[in-house]
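Data first, discussion second: the structure below is written as structure tokens.
Only the coordinates and a few stated rules stand behind these numbers; no lab work does. Remember, predicted model here, so these are calculated numbers, not experimental data. Virtual Cβ from ideal backbone geometry, glycine too; neighbours counted across all protein chains shown.
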Amino acid sequence: MASKNNRRKEQREEPSYAEQIRALSEISKAISSDHYLEDILRLIVTVTANVMDSKICSLWLLDEDAKTLSLEATQSISEEYLKERVLRLGEGMVGRVAEEKKPFRVYNVLEEPRFKEKELARKEGLCSLLSVPMVVRGNVIGVINCYTSYPHHYTDTEEAVLTTVANQAAICIENTELMVKTKVIQEELETRKLVERAKGILMKESKLDEGEAFRRIRKKSMDTRRSMREVAEAIILAHEIGS
């Protein structure tokens, strides 16, 4: 009976075209959203797990400077699987996929020499793995893993679907990171403008030179534990009310 069940599972239906489109649509929506990166990563693994019928889907991001990959998102609620983990580029299946920039299929992770987390796989009941790189403009930014809890031969179609999802996700992640960086830069420029304006007010009203006006703003910020921007805004507001 068990062998028949396994055969049925191995012959499970592949993701339909409609399911693929829905998955890509969900991820595409995230590109233009205002969600934080953490929320988008969680959405990606949840949608991918559903379309791939995976017990666990995990997303690892590459730190190009450190040459390491860290687990950033999974739809699993297992405390053991959610523990922070880091792999070097080229280490284990995840590191190998990132380094070689190509997908790998593993029928049984417990029998795969390159698979590093066998004890975790035993505890979680993981069996087959499909691991694909997340690529944008020829550069790998991470890896997506899909696991089954039973023996399964991943097909070319499933690999193609996950590769498409992974590359769409890579674009999404890059755009989100760029958006965050842009927001940070914009906020920094706005803060500088406000501080410059507040300095001008102090220089004129208190007869201070530029250096002393800046030190006064900075000291007020430290004493009150408020940001330089908040202090500058307060100075500007007080000036406008008094004018």
- Query: Which residues in the stretch 188-205 place their backbone N less than 19 Å from a point set 7 Å from the Cα of Arg226 along the Cα-to-Cβ direction?
  - Reply: 188, 190-203, 205
- Task: Mind checking the full-extension length gain between Glu100 and Thr46? Use 0.36 nm per residue of separation minus the Cα-Cα distance, one decimal, nm.
- Result: 16.9 nm
- With label points built 7 Å along Cα→Cβ from the Cα atoms of Lys204 and Glu187, find their separation and express it in nm. 2.9 nm
- Message: Counting other beta carbons within 10 Å of each residue's own, what order do Met203, Met93, Met222 fall into, fewest first?
- Response: Met222, Met203, Met93
- Message: Sort Tyr81, Tyr154, Tyr107 by Cβ crowding within 10 Å, fewest neighbours at the top.
- Response: Tyr107, Tyr81, Tyr154
- Where does each of Glu117, Glu196 land when they are ranked from fewest to most other beta-carbon atoms within 10 angstrom? Glu196, Glu117
- Query: Is the stretch 42-161 rounded, prolate or oblate when judged by the Cα gyration tensor, a ≥ b ≥ c being the square roots of its eigenvalues, rounded requiring a/c under 1.5 and prolate requiring a/b larger than b/c?
  - Reply: rounded
- Item | Shape metrics for the stretch 182-242, restricted to C-alpha atoms - Rg then Dmax, Å | 11.4, 36
- Query: Which value results when the Cα radius of gyration for the stretch 35-97 is divided by 2.2 N^0.38 Å?
  - Reply: 1.14
